[in-house]
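Read through the structure below, which is laid out as structure tokens, and then see the notes.
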Amino acid sequence: MVKQRVLSGVQPTGSLHLGNYLGAIRTWVGEQYDFENYFFIADLHAITVPHDPKALAENTFTLAAMYLACGLDIQHTTIFVQSHISAHAELAWMFNCITPLNWLERMIQFKEKAVKQGENVSIGLLDYPVLQAADILLYQADLVPVGEDQKQHLELTRDIAARFNFQFGLPEQPILKVPEPLIRAEGARVMSLTDGTKKMSKSDPSEQSRINLLDSPDEIRNKIKRCKTDPTRGLAFDDSARPECHNLLTLYQLLSGQSKEAVAAECAQMGWGQFKPLFAEATIEALRPIQERYHALMDDRAQVEAVLRQGKEAAEEVAQQTLQAVKDALGFSRSL
Ligand code: TYM
């Protein structure tokens, strides 16, 4: 049976945190043997807000090492860098010309990020979801595993695919596959450690708000010791009046690999003083193997480079096929 194709990516901006891991990468790794997988480093997306050119290439490399350290297996997965495949930018241009401007002006992430940029908002930031649609549709992906915050971008991708097929394809022969988001309920929205109503984010100015995958055991203990809680004794899931409690229990559940019921029973009578050290040690233990593999890979840069070289070749082949089909449908002349 032909496996369904999965594709996703992360921007190389700052350290990966528990939100990125539990919302996205954990699903990629856990389900990689069931699918044909393409995971890339979204470096073209990383320049849609002001960036440091001296750091971009190294952040791209370290993110590739993190993908491997988290457990992606290159026997089953193609890992590549977005900017190494020029078809992403080319297809984005073609989609720009069929996407109504008002579809982009509605995007929540654009509105949120644009506020922070003031007068310097780039066209790239507005256009970000069109590039994301190109990333996905280029590989004819069936499923896109992401966190909840990417849902709207996935809906836009589906709309662009449907519009393109309607305008330039035949009903019985669509040119682009319309993908489905793959959002796992648990971990889809990991919240900040300083405010259980805000999502954990790389761009939060407070380091205290997130646990990075490369944080040391002491940093993890300190962040958990100081994280926001509430005065109620006895810990429970799903109480909307206690967002921090729900978030911390969910993190503990996912990182300790237990069922929700087991954690609910274990923590029902606990106070925060008892829970926090337990949670901290579970986090440290869950991250330890990832950190060990990461440091080993950073000592063997040639291995990571080889993975990206191979990934580029495999990705390029698929991307070029779709790009050619799109160019043919749009009526471009073939280069002679
Ligand atoms: P990025 O780099 O912001 O985030 C990477 C992944 O992490 C998920 N995520 C979270 N999940 C749960 N809780 C959180 N607090 C949390 N924060 C982040 C995101 O949902 C994402 O899955 N636009 C994408 C990158 C991208 C992409 C693509 C993804 C570019 N092209 C094509 C899929 C397909 C982004 O900014 O991810």
Next on the checklist: Among the residues of region 62-72, are any open to solvent by 10 Å² or more (accessible area, probe 1.4 Å), within 14 Å of the ligand (Cβ to nearest atom) and either at pLDDT below 95 or β-branched (Val, Ile, Thr) (or both)?
Outcome noted: yes
Item to check | Residues (charged (D, E, K, R) and in contact (Cβ under 8 Å) with a residue 40 or more places away in the chain) located in region 243-283 | outcome: Glu244, Lys260, Lys276
Checklist entry - Which of the residues that make up region 100-140 are among the β-branched types (Val, Ile, Thr), surrounded by fewer than 18 Cβ atoms within 10 Å (Cβ to Cβ) and not in a loop (DSSP other than H, G, I, E, B)? => result Ile108, Val115, Ile123
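Taking the stated definitions as given, is Gln167 open to solvent by 10 Å² or more (accessible area, probe 1.4 Å), near the ligand (Cβ under 8 Å from one of its atoms) and in a helix (DSSP H, G or I)?
No.
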Next on the checklist: One residue is enough: does region 293-305 have a residue meeting the conditions crowded, with 17+ Cβ neighbours inside 10 Å, at negative phi, among the aliphatic types (A, V, I, L, M) and out of contact with any strand residue (DSSP E or B) (no Cβ under 8 Å at 6 or more places or on another chain)?
Outcome noted: yes
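Given the residues Glu36, Glu31, which is the only one that is surrounded by fewer than 18 Cβ atoms within 10 Å (Cβ to Cβ) and either among the basic types (Lys, Arg) or more than 8 Å from the ligand (Cβ to nearest atom) (or both)?
On the way: Glu36 fails: surrounded by fewer than 18 Cβ atoms within 10 Å (Cβ to Cβ).
None of the others qualify; the one that does is Glu31.
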Checklist entry - Based on what the data block shows, is Gln208 exposed (fewer than 14 other Cβ atoms within 10 Å of the Cβ) and either within 12 Å of the ligand (Cβ to nearest atom) or over 14 Å from the mean Cα position of the chain (by Cα) (or both)? => result no
Next on the checklist: Going by what's in this entry, would Phe80 be described as within 16 Å of the ligand (Cβ to nearest atom), buried (at least 18 other Cβ atoms within 10 Å of the Cβ) and in contact (Cβ under 8 Å) with a residue 24 or more places away in the chain?
Outcome noted: yes
Checklist entry - Looking only at region 279-336, which residues are farther than 28 Å from Leu68 by Cα and assigned to a helix (DSSP H, G or I)? => result Leu323, Gln324, Ala325, Val326, Lys327, Asp328, Ala329, Leu330
Next on the checklist: Looking at region 64-80 only, could you name the residues that are more than 15 Å from Ala134 (Cβ to Cβ) and in a strand (DSSP E or B)?
Outcome noted: Thr77, Thr78, Ile79
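The values are calculated or read from the model by the stated rules, or taken from the named source; none is laboratory data. What you see is a predicted model, and the numbers here were worked out from it, not measured in a lab. No Cβ is skipped: glycine too gets one built from the backbone with ideal geometry, and neighbour counts run over all protein chains shown. Accessible surface is based on the protein model in full, side chains and every heavy atom, while ligands, DNA and RNA are left aside. Shrake-Rupley method; radii C 1.70, N 1.55, O 1.52, S 1.80 Å.
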